[in-house]
Amino acid sequence: MDLKPDSTVLEIGFGNGRLISKMAPRLDTGKIVGIDISKEMLAEAEKKNRMLISTGRVELYEASVGNIPSEDEYFDKIFTANTIYFWPDPASAIQEIRRTLKIGGKAYCAFRPENELKNNSVIKSNLTIFKNLFSKESIQIFLEEAGFENVIVHEQIGKPYSNLIAVGTK
């Protein structure tokens, strides 16, 4: 993500806060804000990041991607990994992400493509928990329709699964 020491970053769906704990020490004057809809994950991430929260480099909130607790154009970088499938309204959520991203900022969305999720035996048996599945092209269209520019979808092929990372600039 090319973090700078003064970057202001948002992670959507931080889970247990593992990635936040790895990124925050790279920020001198910047900070990482995290939102997650799960009270349990919030409690776990707060425990894991207690020291970073006390320094002001990390702020964690129980919140939804559809209503990010932030002023307009606040974040330099916004990222999410494997959460878009659960968003009730991905198009409006991406608009909300764009609202909170600074001009020149970048948004990153990591996800597994629809065809891979449908062919994964473990996931296939639990597809009912997913609200939406997406192709590479559909994510690119969402970002472009929301006004993101220079949208690129990178494919990372690996075992046990591939991951796509869509990057767009405001």
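The values are calculated or read from the model by the stated rules, or taken from the named source; none is laboratory data. All values derive from a computational prediction rather than experimental measurement. Note that each Cβ is placed from the backbone with ideal geometry, even for glycine, and that neighbours are counted across all protein chains shown. For accessibility, only protein heavy atoms count, side chains too; no ligands or nucleic acids. Shrake-Rupley method; radii C 1.70, N 1.55, O 1.52, S 1.80 Å.
Brief remarks on what is shown
- Amide H contacts of Leu60: Gly34, each under 5 Å away and 5 or more positions distant or on a separate chain (H built 1.01 Å from N in the peptide plane; Pro and chain starts excluded).
- Secondary-structure-derived ellipticity at 222 nm for the chain, considering helices only, amounts to -8000 deg cm²/dmol, per-run term -39500 (n - 2.57) for DSSP H runs with n ≥ 4.
- Charge dipole of the stretch 13-82 (Cα centre as origin; +1 on each Lys and Arg Cβ, -1 on each Asp and Glu Cβ, all else neutral): 460 debye, rounded to the nearest 20.
- For Thr8, residues with placed amide H under 5 Å, excluding near neighbours: Lys31, Asp76, Lys77
- For the chain, the fraction of 1.4 Å probe accessible surface lying on carbon and sulfur atoms is 50 percent.
- Of all DSSP beta bridges in the chain, antiparallel share, percent nearest 5: 40 percent
- For the stretch 40-110 versus the stretch 1-29, the gap between their alpha-carbon centres in whole angstrom: 11 Å
- Angle between the chain longest axis and helix 39-48 axis [Cα atoms, degrees, rounded to 10]: 50 degrees
- Between the Cα long axis of helix 136-145 and the first principal axis of the chain there is an angle of about 50°, rounded to the nearest 10.
- Between Glu145 and Ile103, full extension at 0.36 nm per residue minus the direct alpha carbon distance yields a gain of 13.5 nm.
- Long pairs among Lys39/Lys170; Lys77/Lys136; Lys4/Lys170, criterion Cα-Cα beyond 27 Å: Lys39/Lys170
- Extension reserve of the Ser38-Ile157 stretch, reckoned as 0.36 nm per residue once the Cα distance is removed: 39.9 nm
- Put a plus charge on the Cβ of each Lys and Arg, a minus charge on the Cβ of each Asp and Glu, and nothing anywhere else: the dipole of the chain about its Cα centre is then about 600 debye.
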